[in-house]
Structures are given as structure tokens and as C-alpha cells.
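*Asks:* This structure is in C-alpha cells; I'll ask about it shortly.
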Amino acid sequence: MKIALYTGNHTKDTPTVRLGWWLTRLVQKGDYRNVTHVEAILKEYEDGSVLIGSASLRDGGVRMKRVHLNLDHWDIVDVPQWSAEAAEQWFIEHDGAPYDWRGAFASCMPFSWGDHDEWFCNGAVGASVGLKCPEIFGPSQFAAICHSLK
């Protein structure tokens, strides 16, 4: 299974969204501190598009969608231990679950504050591949896990 780690800029986002990404990058550390969002790549199609799954504030929470990823903005990591089929089933079962603002914020802080009925990106992707307590990881930590397992 492949994981897409967003490392692009957010110049087309609203000022509020850009502030959120800036704060995310501010509190992250390490080699992957520029990762601000994660997606599970659930299927790849012949036309170059992919079916991705995550939780997105823009999309209202947990969702899957078919897109073309701009590879200048994404770090794609193959993690063969994880099952795209099992992850897709998780996203089907959780489709439409709300975005977890508090959990996203708390993933970058030294405390847990998430809601298990709501999800943020790396919490949803982590849960879909069977990680224990995925809500404790920020995007940079999740990226480090993915790169460690490849």
C-alpha cells in the first residue's frame, strides 16, 4: 500500500487554512516537519489517477475520492506491510465521519484530546492500517513511521 504525504505549499488556501498549516509546521520536528497532510492511496488507475482516503477539513471529514496527485507536492511512500484493501474497507465503514479539529490540534501537543467518533488525516489513515493510538501522531511523525517501514 502507498501513502501520500503532502509537502506542497498552501498558497491557494484561505488565510485561515494557511495559518493552520503554518502552525502545524511550526510545532513539527525532524526530517518530515514539512508534511502537513496524509492520504492512503487505496487504488491506482491506468489514467494515472488514484483513489485516496483520509479525513479532510475541506471535504467535511472522512472521505475517499479519485484524484490526480501533483507529484511535485506529494512524497509517495510504499509500505508493503499495510493492506490497501483493509484500509479501503475502513474508509467505507467510516465514510462521512466528522473532522476532528481538537484531535488534529492535540496531535501536535503533549496531551491527547481527540474524539474517537471524529477523525483528522493521520488519525484516520493510521486507524485504517491498524496502528494503535493513531491520534497521538502528527503528520511528521506519521511520515517517519511510513519511511521507517518501507
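Each value in this text was obtained by applying a stated rule to the coordinates, not by laboratory testing. None of the values given here were measured: they were computed from a predicted structure. In this analysis, Cβ positions are derived from the backbone assuming ideal geometry, glycine residues included, and neighbour counts consider all displayed protein chains.
*Asks:* Give me, ordered by chain and number, the residues 5 or more places off residue 37 or on other chains with an amide H under 5 Å from its own placed amide H.
*Replies:* Those lying under 5 Å, H to H, from residue 37 are 6.
*Asks:* Quickly rank 125-138, 47-60 as a protection proxy: mean count of other C-beta atoms within 10 Å, highest first.
*Replies:* Put in order of decreasing packing, that is 125-138, 47-60.
*Asks:* On to the next question. Provide Rg over Rh for segment 52-97; use the alpha carbon set for both Rg and the Kirkwood Rh (inverse mean inverse pair distance).
*Replies:* 0.99
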